[in-house]
Every structure is written in structure tokens, then in C-alpha cells.
Amino acid sequence: MSTIISPSLLSANFYNLEEDIQMINNSEADWLHIDVMDGVFVPNISFGFPVIESFQSKCNKPLDVHLMIVEPDKYVERFAKAGAAIINVHYEACTHLHRTIQNIKAQGVKAAVTLNPHTPICLLEDIISDLDMVLLMSVNPGYGGQKFIPQTVEKVRALKEMVERKNLSTIIEVDGGVNLQTGQELVSAGADALVAGNFVFKSENPLETIAQLKKL
């Protein structure tokens, strides 16, 4: 199976988002990654509900929505209605994670949990069987263009072992500092999906860049 590619819209040209959305539609990308930031959980603010609803009407790829927000439970239903196909919530932001995951699934969308770089994967032992996906941050969340944290490769390998040991089909996604070199290391370690922002949208030929990532 080829690698799942989810370009991050955070690195797109905000002056002409429709053009970049159309590029994604014409590309080999599988999903469109949308980072939702509240300025509290992470030191940045990004897209809200009206923007995501407009993406849904323009983009023919599933929306991979990453909630970098406090109290995500309050907004799960609204993000589902806005068009999210996958909702990622941070382990660090959920006091009652099992309840949050069940809430996401009740909306008819796929449920994912995101781990910050400092959060060990062993904390997922009792919840991973309920998840469709785990997103590992390979940079500190909040801003695009950061340097890849190399320890993430071993983290992917350990998470893959957990998935296989439990005989699960949970997707392993990685976000942050992804390019052809780091992407290859992550896929070799067991990653199934890669989020790429600057590497895609700032490249001379984004369509070709996505195609190259797909081949990893």
C-alpha cells in the first residue's frame, strides 16, 4: 500500500486558498490536513468553523482535522458537521479521553489521538484499540516549518510494535518536518501517513512533490 499523504493547509497561500485547494484536488494526496489552533493549547490561532465549511465545499479530499485546542469535547459535533472526516484530539488536552473518542465516533467520523513529542506512546495501551489513527507530532505543535525531531523515528517503531502486537489496523500518522529523507525514515519505521506542509506548498512543483511522497 502506498503512503497516505495529507498536505497541511497551514502552509498554503492564504491569499489564494482556492488555488491551493484545487491543486490538492488535482494531486495524488489522500487527505487535506487542517490544523485548528486556539491560541491557548498552542501559541497560535488558525482556522475556524466557517473556513472549514468552505473547504468542504471546495475540496474533494477527506478533511483530516487536527484539533490543537483545549476542551475539544465542546466542539467535536460542530467540526463533524463542518465536514471533518477524521478528528484528531490531543492526549494532553483530554481529561476523559475515552469519552472524547466515543463522542467523535458517535458523529460518524474517524477518531484519532495526537501525541506531543514529549508524550510516550505507552499511554495509549488502554485506548488504542478504540482508535482509527494515532498522530505523532515530530515537532512541537503550533507553527509550520519547524525542524524534525529525530527521536520520532524510534517512537514510530515502538508504536508500530504496539499496533501489531494487539493485531490492530490503527493508522500511524506523523506531522512535522516531513520531507523525502525524513519521510522515508518514518515509513521504514512503520508510519502509514505523512503530513507535509512547507515541503509541499513551498516546493516548485507541489504536484510532483506529493507524487514523490506517495512513493515512499
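Computed from the coordinates by the stated procedures, all read-outs in this text should not be read as laboratory data. Remember, it's a predicted structure, so these values are computed and weren't measured experimentally. With ideal geometry, Cβ positions are generated from the backbone for all residues, glycine too; neighbour counts draw on all protein chains shown.
A few points about this structure:
- Largest mean-square fluctuation among M137, M23, M37, in a Gaussian network model of the chain whose springs join Cα atoms under 10 Å apart, belongs to M23.
- Taking amide H atoms as placed 1.01 Å from N in the peptide plane, the amide H of T114 lies under 5 Å from those of V89, H90, Y91, L135, each 5 or more residues away in sequence or on another chain.
- Where a label projected 7 Å from the Cα of E53 along Cα→Cβ would reach, residues of region 65-106 with amide N under 19 Å: 65-66, 74-86
- If only the Cβ of Lys and Arg carry +1 and only the Cβ of Asp and Glu carry -1, the dipole of region 4-214 around its Cα centre is close to 200 debye.
- Among K105, K166, K61, the largest mean-square fluctuation in a Gaussian network model of the chain (Cα springs under 10 Å) belongs to K166.
- Here region 169-216 and region 46-123 have alpha carbon centers that stand 21 Å from each other.
- Stretching the chain fully between Q146 and V40 yields a gain of 36.2 nm (0.36 nm per residue, less the alpha carbon separation).
- Per-residue ellipticity at 222 nm, computed for the chain from helices alone with -39500 (n - 2.57) per DSSP H run of at least four residues, works out to -10000 deg cm²/dmol.
- Couplings 3J(HN,Hα) of region 199-216, computed from phi: 4, 8, 6, 9, 7, 5, 9, x, 4, 5, 4, 4, 4, 5, 5, 4, 7, 5 Hz, in residue order, whole Hz [Karplus 6.51 cos²θ - 1.76 cosθ + 1.60, θ = phi - 60°; x for Gly and Pro].
- The chain: most fluctuating residue of N140, N205, N13 per GNM, C-alpha cutoff 10 Å: N205
- At R0 = 45 Å, FRET efficiency that the Cβ-Cβ distance of L17 and D126 yields, to 0.05: 0.70
- Under a 5 Å amide H cut-off, with hydrogens placed 1.01 Å from N, F41 pairs with V70 among residues at least 5 apart or on other chains.
- Net length gained if the chain between A106 and N25 were fully extended (0.36 nm per residue, minus Cα distance): 26.3 nm
- Modelled FRET efficiency - R0 22 Å, K215 with A85, Cβ distances, 0.05 increments: 0.40
- Note: relative contact order over the chain, using C-alpha pairs below 8 Å and six or more positions apart, is 23 percent.
- Of the residues N16, L131, V200, the one whose Cα sits farthest toward the positive end of the charge dipole of the chain, with +1 on the Cβ of Lys and Arg and -1 on the Cβ of Asp and Glu, is L131.
- A straight Cα-to-Cα reach below 12 Å connects K81 with the aspartates and glutamates E53, residues fewer than 8 places away in its own chain not being considered.
- Per-residue ³J(HN,Hα) for region 132-141, Karplus 6.51 cos²θ - 1.76 cosθ + 1.60, θ = phi - 60°, Hz, x for Gly and Pro: 7, 7, 10, 9, 9, 7, 9, 9, 6, x
- For region 1-158, the calculated P(r), taken from all Cα-Cα distances in 10 Å bins from zero up to the bin holding the longest distance, is 10, 40, 38, 11, 0 percent.
- For region 11-17, 3J(HN,Hα) per residue [Karplus equation, 6.51 cos²θ - 1.76 cosθ + 1.60, θ = phi - 60°, Hz, x = Gly/Pro]: 9, 6, 7, 5, 5, 9, 5
- Here's how it looks for V174: its modeled amide H is under 5 Å from those of L136, A193, L194, V195, which are all 5 or more places away or on a different chain.
- Principal axis box of region 152-216, alpha-carbon based, largest edge first, Å: 42, 18, 15
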